[in-house]
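Inspection log for the structure reproduced underneath, given as structure tokens.
Every number here is computed from the coordinates shown, using simple stated rules; none is lab data. All of these numbers come straight from a predicted model, not from anything done at the bench.
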Amino acid sequence: MDWTSQEVYKLRAELEQRTAERDALAAEVAALKAQADPLAEMWRELSEYQPFANRDNHGVSWNAMCKARTVEAAFTASAAAGAGWEAAAAAGCAIRSAERAIAAIRRAKEARP
């Protein structure tokens, strides 16, 4: 097939436009990924508490909470945790304040030997 210079010009312009659109979308994705996600951070903190939960014999409910990521599972885990209730109860309050929940989880982990 013989391409006319006009067809080649149109294809190059379209390629440039699509490349610019792709680059703009890639920049948008990068910006979204750079934003902090308090709930994701909260669940990461809770997951890191798992060794303490295992040691204190409430690891099963803690693991279930970290997988389910629901308020109900958090309250079940907090009931099983007893003395370690702060971290699980914080997950139950996450809907209201993820930042508060993260602080409570960190305090509970720091208090552990």
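Assorted remarks:
- Straight-line cross-link reach from Lys109 at under 28 Å between alpha-carbon atoms covers these lysines, not counting any fewer than eight positions away in the same chain: Lys33, Lys67.
- Remark: segment 11-28, residue by residue, has Karplus-estimated 3J(HN,Hα) of 5, 5, 5, 5, 4, 5, 5, 5, 5, 5, 5, 4, 5, 5, 5, 4, 5, 5 Hz, where x stands for each Gly or Pro and the curve is 6.51 cos²θ - 1.76 cosθ + 1.60 at θ = phi - 60°.
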